[in-house]
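Asks: The structure that follows is given in the form of structure tokens.
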Amino acid sequence: MKVLHAAAEVYPLVKTGGLADVLGALPEALIAAGADVRLVLPGLPAILAGVERQRVVCEIGAAFGAGRVTLRLGRLAPGGVAAYVIDAPYLYQRPGNPYLAPDGSEWMDSLQRFGLLGWVAAHLAAGELDPGWTPDVLHAHDWHAAMACAYAACHPGTRAATVYTIHNLAYQGLFPEDDFHLLGLPSRLMVPVGLEFHGQLSFMKAGLKYADRITTVSPNYAREIATEAFGCGLDGVIRARGADVSGILNGVDGTVWNPATDRLIPVPYSAAALGGKALCKAALQHEFGLAVDAGAPLFAVVSRLTSQKGLDLLLDALPALLDFPAAGGPQLAVQGNGDPALEAAFAAAAAMHPGRVAVRLVYDEALAHRMMAGADALLVPSRFEPCGLTQLYALRYGTVPVVRHVGGLADTVVGASEAAVQAGLATGFMFGPATPAALAQALLQAVAAHGQPALWRQLMLRGMAQNFSWASAASQYMALYRDAQQALQAANHL
Ligand code: ADP
Ligand code: GLC
């Protein structure tokens, strides 16, 4: 089974969120499951510089406004996964991230940048750009790669089945209708049952309408996006795909996230030898300028600062948390960046509560590891969460997650209800309504539990024993790829 993954990010070269972690881990897991896997990536500066041993596969020439497009093939690391890199300097050689310029504004030519990604992926799948390797399955991730599914569907030479994974339905890749002609697709696609979405061109719909199979990153989110509340206006389109839509839970890359081997944390530790975690906590408190106090429950946030993540609820719940009359008093350490208003609000909270609240408004991979290791609890109060990876990392690090009962958070954390605690099944704390009061209640429940060392230890150990493995996800994707191939063959037969 040859599988081509198309995506805009891959850890460790380019990462703005969990999408990169998935692309950094899933291909390896699929290879371990017997697949022959390659990636196709836009030639952003870090990708061009980071992909090793590149050779030119073909000169594509001029495309999407770029005067020179060259397709190269290399490896993500020595002996690592093979990756095609689309070298188009006019479109990709710039600072900033895949979606935003350094000043935070969206790139004006995202349609061309990601149109080209989809176009190249589909032509690889048709066997036209690299005759030496034609995939059986083209697997596109998020709206950035979704157009590959439309190009493949329109190309009579394509024999590859297409799979589209929604990592986040809220980001849809919408463009003015008049720009449709830039894609070079037949105009019959620009209709409401095709790529049109309320008078705009939708890249997301290219995946939703034309992929043979659609997945999202947790079973619960797969159910949620078929409802109006979570469907971002596309729930009807998703419902219409019926059983073609399924949820496959993400995993944890144990080569990156494992407290026993993590070189980015001050002292390694494991479930059998937890001593190092207390040292990691003291180091984190010291680093953040918080009171170094083993008894004070230390809550952490590691997150993009966007409304999705519900961190405004935390700002409003903060007084209730900080007033808690506990020894030492609960503490909060926040690592994140994004929305300027949220950044300013967290900075103000830190200024108001020195020694109790501290923030680092930065994107810093190594710091994220120290946070996971040093905190007692990790807060993920999301309004919606397709899967969520930070709560999985927290579980692995014996850092008890406090999460909202939504999306993949509900699939991966067992809230500390009396029954769950009695049965020894609880791994974290859960709240329902997206309100500061509901979050505050969960926070106070966590603070109270932290004051009971035996209970807290039970939660930590149960969490550390969870196994969210990429191997399990990979075997589900392999079954899905076979299913998609059969669906395509059946359709061609008709
Ligand atoms: P999302 O993809 O919606 O941002 P996930 O929980 O799936 O959420 O993945 C987030 C990933 O990004 C995790 O690997 C997390 O550690 C990382 N991350 C988020 N914010 C930061 C930050 N400020 N610095 C470093 N890593 C971060
Ligand atoms: C998205 C989602 C997140 C998910 C990640 C990886 O960024 O917001 O919930 O874990 O993709 O699939």
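The values are calculated or read from the model by the stated rules, or taken from the named source; none is laboratory data. Predicted, not measured: the structure shown is a model, and the values here were computed from it. Here the Cβ is made from the backbone with ideal geometry for all residues, glycine too, and neighbour counts use every protein chain on show. These accessible areas exclude ligands, DNA and RNA; they are computed on the full protein's heavy atoms, side chains included. Shrake-Rupley method; radii C 1.70, N 1.55, O 1.52, S 1.80 Å.
Asks: Considering Cα pairs under 8 angstrom that are at least six residues apart, work out the relative contact order of region 266-367 and quote it in whole percent.
Replies: That works out to 27 percent.
Asks: Given a cut-off of under 8 Å on Cα pairs at least six residues apart, what relative contact order in percent is computed for region 275-468?
Replies: Taking the mean separation of contacting Cα pairs over the length of region 275-468, I get 22 percent.
Asks: What percent does the relative contact order of the chain come to when contacts are Cα pairs within less than 8 Å and at least six residues apart?
Replies: So the answer I get is 12 percent.
Asks: Scan around Thr162 for amide H atoms under 5 Å from its own, H built in the peptide plane at 1.01 Å from N, and keep only partners 5 or more places away or cross-chain.
Replies: Answer set, sorted by chain and number: Leu138, Asp212, Arg213.
Asks: Treat every Asp and Glu Cβ in region 275-468 as -1 and every Lys and Arg Cβ as +1, leave all other atoms uncharged, and give the resulting dipole magnitude about the Cα centre to the nearest 20 debye.
Replies: With only Lys, Arg, Asp and Glu charged at Cβ, the dipole is about 360 debye.
Asks: Using the Cα centre of the chain as the reference point, and only Cβ charges (+1 on K/R, -1 on D/E), how large is the resulting charge dipole? Debye, rounded to the nearest 20.
Replies: Dipole magnitude for the chain comes out near 820 debye.
Asks: Something else about it: Towards the positive end of the charge dipole of the chain, with charges on Cβ (+1 Lys, Arg; -1 Asp, Glu), say which of Leu183, Gln285, Pro433 has the farthest Cα.
Replies: Value: Gln285.
Asks: How long is the gain from Ala240 to Ala465 if the chain were fully straight, where each residue apart is worth 0.36 nm and the alpha carbon distance is subtracted?
Replies: 77.1 nm
Asks: Also, quick follow-up: What's the extension gain from Ala49 to Tyr90 if we count 0.36 nm per residue and subtract their Cα-Cα distance?
Replies: Gain on stretching Ala49 to Tyr90: 13.1 nm.
Asks: Right, here's the next one. Rounded to the nearest 20 debye, what is the charge dipole size of region 1-151 about its Cα centre when +1 sits on each Lys and Arg Cβ and -1 on each Asp and Glu Cβ?
Replies: So the dipole magnitude of region 1-151 works out to roughly 300 debye.
Asks: Taking every DSSP beta bridge that has both residues in the chain, what percent is antiparallel when rounded to the nearest 5?
Replies: Counting DSSP beta bridges with both partners in the chain, the antiparallel share is about 30 percent.
Asks: In whole Hz, with x marking every Gly and Pro, tabulate ³J(HN,Hα) for region 396-410 from phi via Karplus 6.51 cos²θ - 1.76 cosθ + 1.60, θ = phi - 60°.
Replies: Karplus-based 3J(HN,Hα) across region 396-410 equals 4, 9, x, 10, 6, x, 10, 10, 7, 7, 7, x, x, 5, 5 Hz.
Asks: Please list, in order, the residues from region 84-105 whose amide nitrogen is less than 20 Å from a point placed 7 Å along the Cα→Cβ vector of Trp133.
Replies: Residues 84-88 qualify, since their backbone N sits under 20 Å from the label point.
Asks: What percentage of the solvent-accessible surface of region 275-468, computed with a 1.4 Å probe over protein heavy atoms, is contributed by carbon and sulfur atoms?
Replies: Carbon and sulfur atoms account for 59 percent of the accessible area of region 275-468.
Asks: Another one. Taking the chain as the reference, fit the longest principal axis to its C-alpha atoms, fit the long axis of helix 110-125 to the helix C-alpha atoms, and give the angle between the two in degrees, 0 to 90, nearest 10.
Replies: The angle comes out near 60 degrees.
Asks: Classify region 275-468 as rounded, prolate or oblate, taking a ≥ b ≥ c as the square roots of the eigenvalues of its Cα gyration tensor: rounded when a/c is under 1.5, otherwise prolate if a/b is larger than b/c and oblate if not.
Replies: Because its axes are fairly even, with a/c under 1.5, region 275-468 counts as rounded.
Asks: Hey, another quick one. Can you figure out the FRET efficiency of Phe324 with Ala278, using R₀ = 22 Å and their beta-carbon distance, to the nearest 0.05?
Replies: The value I calculate is 0.55.
Asks: Which of rounded, prolate, oblate describes region 387-478, given a ≥ b ≥ c as roots of the alpha-carbon gyration tensor eigenvalues and a/c under 1.5 marking rounded, otherwise prolate only if a/b is larger than b/c?
Replies: Verdict is oblate for region 387-478.
Asks: Once phi is turned into θ = phi - 60°, what whole-Hz ³J(HN,Hα) does the Karplus curve with 6.51, -1.76 and 1.60 give for every residue of region 201-210, x standing for Gly and Pro?
Replies: Taking θ as phi minus 60°, the curve returns 8, 10, 5, 3, 5, 4, x, 5, 8, 10 Hz for region 201-210.
Asks: Find out how many positive minus negative residues lie around Val245, taking Lys and Arg as positive, Asp and Glu as negative, among other residues whose Cβ is under 9 Å from that of Val245.
Replies: Combined, the nearby Lys, Arg, Asp and Glu give +2.
Asks: Could you report the chain's accessible area per residue, 1.4 Å probe, as an integer in Å²?
Replies: Result: 38 Å² of accessible area for each residue.
Asks: Please work out how much length the chain gains when fully extended from Glu287 to Thr435, using 0.36 nm per residue of separation minus the C-alpha to C-alpha distance, in nm with one decimal.
Replies: Gain on stretching Glu287 to Thr435: 50.2 nm.
Asks: Amide H of Phe197: which non-local residues (sequence gap of 5 or more, or other chain) have their own amide H closer than 5 Å, using H built in the peptide plane?
Replies: For Phe197, whose amide H was placed from the backbone, the distant partners under 5 Å are Ser202.
Asks: What's the long-distance tail for the chain, i.e. % of Cα pairs beyond 44 Å?
Replies: In whole percent, the share of Cα-Cα pairs in the chain beyond 44 Å is 15.
Asks: So if we plug the beta-carbon distance of Val193 and Cys154 into 1/(1 + (r/R0)^6) with R0 = 25 Å, what FRET efficiency do we get, rounded to 0.05?
Replies: Here the calculated transfer efficiency is 0.95.
Asks: Collect residues whose amide H, placed 1.01 Å from N in the peptide plane, falls under 5 Å from the amide H of Val57; neighbours closer than 5 in sequence don't count.
Replies: Leu71, Arg72, Leu73
Asks: Something else now. In the full protein assembly as shown, how much of His405 is accessible to a 1.4 Å probe, in Å² to the nearest 10?
Replies: In the full protein context, His405 sits at about 110 Å².
Asks: When the Karplus curve 6.51 cos²θ - 1.76 cosθ + 1.60 is applied with θ = phi - 60°, which whole-Hz ³J(HN,Hα) does each residue of region 284-291 get, with x for Gly and Pro?
Replies: Along region 284-291, the couplings run 5, 4, 4, 4, 8, x, 8, 4 Hz.
Asks: For the pair Gln422 and Ser270, what calculated FRET efficiency results from E = 1/(1 + (r/R0)^6), where r is the Cβ-Cβ distance and R0 = 30 Å, to the nearest 0.05?
Replies: That pair, Ser270 with Gln422, gives E of 0.70.
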